[in-house]
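The values are calculated or read from the model by the stated rules, or taken from the named source; none is laboratory data. The structure presented is a predicted model; accordingly, all values stated were derived computationally and were not measured. Backbone-built Cβ (ideal geometry, glycine too); neighbour counts: all protein chains shown. All accessible areas refer to the heavy atoms of the entire protein, side chains included, with ligands and DNA or RNA removed. Shrake-Rupley method; radii C 1.70, N 1.55, O 1.52, S 1.80 Å.
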Amino acid sequence: MASNMDGDKIDPITEKPIVSATVTSVNADTDPSALESDTAKPSRDLKQAIYAIVGGVALPCIPIIVVSAVLLYVIFKHRIVPREGWPDLYVATAKAATGNVTTLIKEIRHQGGNAAYYVEYNPSTITTIASWTGRVIPYLSSSIMALVAFFAARHIVIKSKHGDHTQLPTPEQLTLLISLLGGSGFGPLKETALYRWGRKEKLVAPLPAAFAALGVITLLGLIIPIVDTWFGVATQPVTITQLYNTSTKAYHSYGRNLNPGTTDDPLCPNGPGFQEGSGTSDQHWWWPCNMFVSIPHLSNIFIQGSQAIAEVQLDQSTNDMISNYTGPLYADSTQNQTFFFYGDSRSSKTLDFKAQTMGISTQCFIATTKCNIGTTDYNQTDSDAFKCSDGFGGDVTYGYPNVWPANSSDSGSGGYTTGIGYANDAQLSEAASMVNFTTISGDVEGPIQSLLQQNPTYFGTWAIGYPTDDGKNALFASADPEVYGGGSSVAIWILNCSSTVYDVEYTYVNGALHSFNATPAEPIYGAFFSAPFAWSWLPGMRNAQLTMEKAAYLAGSTAQTGADVATIWAKEYSKAALQLSVGVFQPLVNDIEQIRNSTISVARIPMVPLYLLLGFKFIYVIVVILLAIGAYCFTHPAETEVVKAQLSVQGLAAAHFDQPDLVRKNVVQEVQSRLELAKNGGSPTSDTPAGQPLKRAATEPAMGSAPAGEATEEVAKVGLMPTRAGTWKFVLLADGAWQSVKPIVQTLVLNEAKDGKFGAIGDAYAAWK
């Protein structure tokens, strides 16, 4: 072969008449200079090559890019970013327990992970858009492999020019290469792999590169539809919540604080109370602003805002509401407390807010036996008398403490069924003093229980006749001595209580109390909220007295034990304290608030399958673009395009019929016409080289090793040679000569014919073969 090579040029094959019907050959000793005058340089069609490269890029890439762009546009155009809103109003979403591995896999498969976009768009439309490319990608491998064919063709051209036949494919490997370049999926890959491992024969370039390229393209064509299916399953319609911060000017007023009133009608201009003068005596004392005095007389003391009180007590108020919270006061506390506080009935699920208000928490324990009900101290024989300490005692038929020794004539003459008395400490060691109520002129109107400015406040309360003896109450069945003090058949009980007033800050989120922070209020508020109860026995305080009786009734009628009586009464006291003072409170603007919309229907787009899908499509596009760039820059496409076009069954058929331009014509029609001529005994058309009748060659080139005992023949290889017409022609190199490729063409074309790719001429071709 070395004698017929001149640099990168090889000897051309002339199309002179061939006198024999046997396989023709061009001997390596042929003089190249004698043929160059009749030979044109191989065709260079850069325009056709560019069309082929651009087509190879555009066909797979443009649909992928356009569809991906449309998908991203829809997602980010209609994306909704759930806002966390104010940090103080943030509610952490509880994450579901991961569970076992099976549960985790199911969650990932059906939900695609936790990270997701929320898009206000039809989820079916989104998944349909995403699936467009996934459906067609498996059918685009042939156009991509057409780019790989440039590299394959270039390799064969270079090796043919250099005469390096060891780097050229055998006929079998060329068959595999053409199948791979056809891009028909797993079939060529399987055949190539079986050939490699079955024959133990090394694949020469460009077979490994074509195998790898088709493998990557086929794998991507398989992965992308799978990920696309996962994306479609994990994209689901959901309902989310969106938060909107509102302008401070539009804030609602769901908090509560003291109402200062107006100049003409002051309520609490200086806080929870003010000082009242006593005329010429210069005696001043504190007066709670929730009390109203029309004329300085005991019978003219009333509670402020009786209308508002009645509305709250009867649950008819449009705004004011008593809410409650049960939980620890401090984060490190393990003991729960029940708090009652001013709320607003307008609170709803559509508005989250933080507000300031006031609240109360009360704790009581049963103390009937400790207070010595039915005591005989001080020579008293009244069975209704009690004595909790030397400084706190009285009679359960009195409305306030009457510390012994009292006037014996007062014993049992009170006529009250409930009473309450405030003390200086939790042990009830000393009752609050009684002070004289005086008019402006200084006249004494009568004693009144003084109000203790302390927080918490301590007091004892008692009741008689709660419950009544109906024979069905559980307390009667238990005969609890804490309820039936002194063995009496009439219910008598005494409680030792403490009540604390708090400045409350709370948040209300999604229609429920979210957080609650309570700080003890100033001591003066203890006197403010206790005033209605301390003076409940006065004629003008009938509302307060009824509230006391209601609390005793609920405790006695619903409790199962004496401890239950204490717990129920404590809660009723806290609610009543807020209710009786509501008339001097006004709405307070919320600290912060946000609007909540929990009815937004969106498509949940999981990020993991979305970006996996886009990532694999991106890799697909990049691979194709790199192949196109490489084909244009490194394969001399103007020259290689002609060769690339022949790396197909049609190309080999053209080579077999010694007509390279056949690949650009209708191969089916051309083969049909030749077969018809052959069957009728005619001669080929004028395009057929002279001396080339359409029949099988009498001999074939060596295709393998010689029989045992004979010299080993050279393995046949397939290469390219330029023709006199300026084209390239496949030839077979065997025993040092370029020969016809008819033997390998027959197998390929016959297979194509049998598969129906050559139409009805398959049978005719089979018969001709």
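Some observations on this one:
- Of the criteria (1) open to solvent by 20 Å² or more (accessible area, probe 1.4 Å); (2) in a helix (DSSP H, G or I); (3) among the charged types (D, E, K, R), which one LYS202 fails: (2)
- Remark: LEU214 matches the filter, which requires a residue to be farther than 30 Å from LEU452 by Cβ and in contact (Cβ under 8 Å) with a residue 24 or more places away in the chain.
- Within the range 510-536, if we keep just the residues that are assigned to a loop (DSSP other than H, G, I, E, B) and over 17 Å from ALA577 (Cβ atoms), the residue that is most open to solvent (accessible area, probe 1.4 Å) turns out to be ASN510.
- Any hit, the range 628-642, residues being in a helix (DSSP H, G or I), under 26 Å from TRP132 (Cα atoms) and of a type in the set (A, V, I, L, M): yes
- Residue match in the range 103-125 (condition: over 20 Å from the mean Cα position of the chain (by Cα) and hydroxyl-bearing (Ser, Thr, Tyr)): no
- Identification of strands (runs of 3 or more DSSP E) wholly contained in the range 388-489 with 2 or more residues that are within 26 Å of ALA531 (Cβ to Cβ), modelled with pLDDT under 85 and open to solvent by 40 Å² or more (accessible area, probe 1.4 Å) yields 434-438, 444-449.
- Filtered by the rule that a residue be open to solvent by less than 30 Å² (accessible area, probe 1.4 Å) and either modelled with pLDDT under 50 or within 14 Å of ILE156 (Cα to Cα) (or both), the range 619-644 gives THR635, PRO637, GLU639, THR640, GLU641, VAL642, VAL643.
- Some residue of the range 539-550 being outside any helix (DSSP H, G or I) and out of contact with any Ser or Thr (no Cβ under 7 Å at 6 or more places or on another chain): no
- Of all residues in the range 117-176, those satisfying the criterion of being assigned to a helix (DSSP H, G or I), of a type in the set (Val, Ile, Thr), out of contact with any Ser or Thr (no Cβ under 8 Å at 6 or more places or on another chain) and more than 30 Å from ILE62 (Cα to Cα) are ILE156, ILE158, THR166.
- Of all residues in the range 574-613, those being assigned to a helix (DSSP H, G or I), open to solvent by 50 Å² or more (accessible area, probe 1.4 Å) and among the β-branched types (Val, Ile, Thr) number 1.
- Breaking point among (1) of a type in the set (Asp, Glu); (2) at pLDDT below 80; (3) over 23 Å from ILE226 (Cα atoms), for GLU107: (3)
- The range 316-344 - residue that is among the hydroxyl-bearing types (Ser, Thr, Tyr) and open to solvent by 50 Å² or more (accessible area, probe 1.4 Å) and, of those, farthest from SER530 (Cα to Cα): THR334
- Candidate set: the range 178-199, residues that are touching a residue at least 40 places away in the same chain (Cβ under 8 Å) and open to solvent by less than 20 Å² (accessible area, probe 1.4 Å); chosen: the one farthest from ILE144 (Cα to Cα): ILE178
- Residue in the range 554-562 that is more than 30 Å from PRO87 (Cβ to Cβ), modelled with pLDDT of 95 or more and open to solvent by less than 10 Å² (accessible area, probe 1.4 Å) present: no
- Filter result for the condition that a residue is hydroxyl-bearing (Ser, Thr, Tyr) and either open to solvent by 40 Å² or more (accessible area, probe 1.4 Å) or within 23 Å of PHE616 (Cα to Cα) (or both), over SER143, SER160: SER143
- Looking across the range 564-597 at every residue that is farther than 16 Å from SER323 by Cα and acidic (Asp, Glu), the one that is modelled with the lowest pLDDT is identified as ASP564.
- Scanning the range 231-271 for residues that are surrounded by 13 or more Cβ atoms within 10 Å (Cβ to Cβ), within 15 Å of GLY583 (Cα to Cα) and not polar (S, T, N, Q) yields GLY255, ARG256, LEU258, PRO260, GLY261, PRO266, LEU267, CYS268, PRO269, GLY271.
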